[in-house]
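Contents: one structure, followed by commentary.
The values are calculated or read from the model by the stated rules, or taken from the named source; none is laboratory data. All values derive from a computational prediction rather than experimental measurement. Cβ placement follows ideal geometry from the backbone for every residue including glycine, while neighbour counts extend to all protein chains displayed.
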Amino acid sequence: MDFTLMPANLAELTDCIASALNYPLPTARLISRLGREHEILTHGGRGRSVPKATSTDAANLLIALMVCPTPARAPDYMRDFGSLLLMPSMMEFDEDAGPTVRHAFQARMTFRDAVSAALDILGSADFAAEFNLNERVGDERPGEDPEVAPVIDVTIIDTYLQAELAIDGSHFTFLHSSLLSAETLILSEQAGGAKSAEAHERIAEAAVAANRYLSPIRSTRTVEVGPLLPVAQLLHGRSFVSLLNERFDREQAASVQFEGAV
């Protein structure tokens, strides 16, 4: 994927995400500090040697700020929800999905990596080239309209260990790793493999892990593409609409050149 990282550090990234989500800044900064102390977020260095933030840092922070009830539990939320795996049986690509999306989202990837991939897609000229621009703006130039962007939903069911991500009609569901193992064992058994109680053990493991979050009241939190756009712009140094404008200008120039040649 082709994008250029800019020198944004974790502090700048934290403030950007907090602003995008309308989240209290002091609490966001505390969560970021705890993430560094638990070595989940990029850490180390001072002054000019402070390491640059990554899209993985952004994914972890988004997860924590979306659902964490108290800063003290933020490291657990980042680890537990970030480590959920994309179930092969629960991934569905839209028939019009281009190669960038199909390459970015792979079975068994973590939810953390999937959110990171969504942010990277928003900084990718390859994805901008595949984007259905005509459907959004017709024959007009996107200009400064930030709403000319893919439909992205990042969803966490925080009363159970489950997450979902959707992008332009493609849908992906993420569950505990033990459930993925159980599914593999069940499919193997159906294909004639040796019968085993191991699949039930894996399901029980997932249930124990989910009990930490289980609640009789289902709570679903979703972040749409709007708040993701400034985060991606900070990480990659350019907005998605600017990539579309560059594409539009190239196509227009090519069209004029072709007409002149004819």
Problem - Hits in the stretch 138-153 - residues which are surrounded by fewer than 17 Cβ atoms within 10 Å (Cβ to Cβ) and either under 23 Å from ALA53 (Cα atoms) or not acidic (Asp, Glu) (or both) - result: GLY138, ARG141, GLY143, PRO146, VAL151, ASP153
Practice task
Identify the single condition in (1) of a type outside the set (S, T, N, Q); (2) at pLDDT below 95; (3) farther than 27 Å from SER181 by Cα that VAL67 does not satisfy, given that it satisfies every other one.
Solution key: (3)
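Listed here are the residues, each with its yes/no results for (1) in contact with a His (Cβ under 9 Å, 6 or more places away or on another chain); (2) crowded, with 17+ Cβ neighbours inside 10 Å; (3) not in a helix (DSSP H, G or I).
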site	(1), (2), (3)
THR42	no, yes, yes
ARG79	yes, no, no
GLU95	no, no, yes
GLN106	no, no, yes
Exercise for the section: Kindly provide the set of residues from the stretch 108-125 that are assigned to a helix (DSSP H, G or I) and closer than 23 Å to ALA64 by Cβ, ordered by number. Expected result: PHE111, ARG112, ASP113, ALA114, VAL115, SER116, ALA117, ALA118, LEU119, ASP120, ILE121
Fill in the blank from the handout: Among ALA199, ALA166, the single one that is crowded, with 18+ Cβ neighbours inside 10 Å and within 24 Å of the chain's Cα centre (by Cα) is ALA166
Practice task
Could you tell me whether any residue of the stretch 220-237 is in contact (Cβ under 8 Å) with a residue 12 or more places away in the chain and over 30 Å from ALA125 (Cβ atoms)?
Solution key: yes
Handout entry: Yes/no for MET87 being modelled with pLDDT under 95, within 16 Å of the chain's Cα centre (by Cα), under 29 Å from SER215 (Cα atoms) and not in a helix (DSSP H, G or I)
Key = yes
